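Enquirer: First the structure, which I've put down as structure tokens, then a few questions once you've had a look.
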Amino acid sequence: MATKKLKKKVQRKPVARKAENPVVESARDIWLAGLGALSVAQKEGEKIIEESNKLFDKLVKEGAKLETQTRKDVGGAFEDLRDEFESRVKNLRGGVESRVKDFRGDVESRVEGIRDEIESRFDNVRKQREVFEKQTGTVRKQAAEGWDKLENFFEERVTRVLSRVGIPTRDDIDRLNRRVQELSRAVAELDKPGKPRARKVGAKKTAAKKAAPKKRGVKKTMARKTAETKSAAMGLAKAA
């Protein structure tokens, strides 16, 4: 509209002032037209700046709204993602715990089975050992009884052989020792004080007379049995 008014003014002025200098009028019109253009441009620029400021403010507001909405959307998406992740982790944990529980139960059942089998085998081994010990005890008892019988039989045979040969046995030697001890006690009784000396001497002589033949007989018997034993041993050695 300002441009149209300027055109009208420019068209009117030359018509009204044709009598004046046309060059000066043209220069003045150009100058005025430049000023008008500058004014219009300034006004339009101010409007543009104002509109641009309004547009910028509007864009800022829209950006803030978009940012808020984006944050809400992102927050919601993050919450959803976190919930989904937690649910997956929970499900995974539950699956792992169930598997671990099943595996532990399987292992415990297997261990129980192995332990029962080992205990049953140990019981069988223990029973077999008890049976073996009973059999061994029976065999040992029978062996001991047989050995005792054999020992008694051997002792009887040896005793018979020694009696035939004339060698005194242990019983004969024990009886002889007991007889010697009895004689020693009798001699000790005779040697006690308080009795007449003549009787004591007589008793000693009598005891000596009575004991002397026995000792001689024992010595002769022992010598004879020793000689017979030596001869029997030599005969056995020659036979061997």
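Enquirer: With respect to Glu20, is the statement that it is modelled with pLDDT under 80 and touching a Lys or Arg at 6+ places or on another chain (Cβ under 8 Å) true? If you could, list the steps in order and put the result at the bottom.
Expert: Details: modelled with pLDDT under 80: yes; touching a Lys or Arg at 6+ places or on another chain (Cβ under 8 Å): no.
So Glu20 fails the test.
Conditions (1) among the charged types (D, E, K, R); (2) touching a Leu at 6+ places or on another chain (Cβ under 8 Å); (3) modelled with pLDDT under 85, marked per residue:
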residue	(1), (2), (3)
Lys61	yes, no, no
Lys90	yes, no, yes
Glu130	yes, no, no
Thr136	no, no, yes
Val161	no, no, yes
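Enquirer: Separate question: Let me confirm something: among Asp171, Asp148, which residue is surrounded by fewer than 10 Cβ atoms within 10 Å (Cβ to Cβ) and either more than 60 Å from the chain's Cα centre (by Cα) or assigned to a helix (DSSP H, G or I) (or both)? Can you show your working first?
Expert: Working: Asp148 fails: surrounded by fewer than 10 Cβ atoms within 10 Å (Cβ to Cβ).
Exactly one residue qualifies, and that residue is Asp171.
Enquirer: Do we have any residue at all in segment 91-107 that's of a type outside the set (A, V, I, L, M), surrounded by 10 or more Cβ atoms within 10 Å (Cβ to Cβ) and more than 36 Å from the chain's Cα centre (by Cα)?
Expert: Quick first cut of segment 91-107, residues of a type outside the set (A, V, I, L, M) only: 91, 93-95, 97-99, 101-106.
Restricting the remaining residues to those that are surrounded by 10 or more Cβ atoms within 10 Å (Cβ to Cβ) gives 91, 93-95, 97-99, 101-106.
From the residues that got through so far, the ones that are more than 36 Å from the chain's Cα centre (by Cα) too are none.
No: segment 91-107 contains no residue that is of a type outside the set (A, V, I, L, M), surrounded by 10 or more Cβ atoms within 10 Å (Cβ to Cβ) and more than 36 Å from the chain's Cα centre (by Cα).
The values are calculated or read from the model by the stated rules, or taken from the named source; none is laboratory data. Bear in mind that the values here come from a model prediction, so they are computed numbers and not experimental data. No Cβ is skipped: glycine too gets one built from the backbone with ideal geometry, and neighbour counts run over all protein chains shown.
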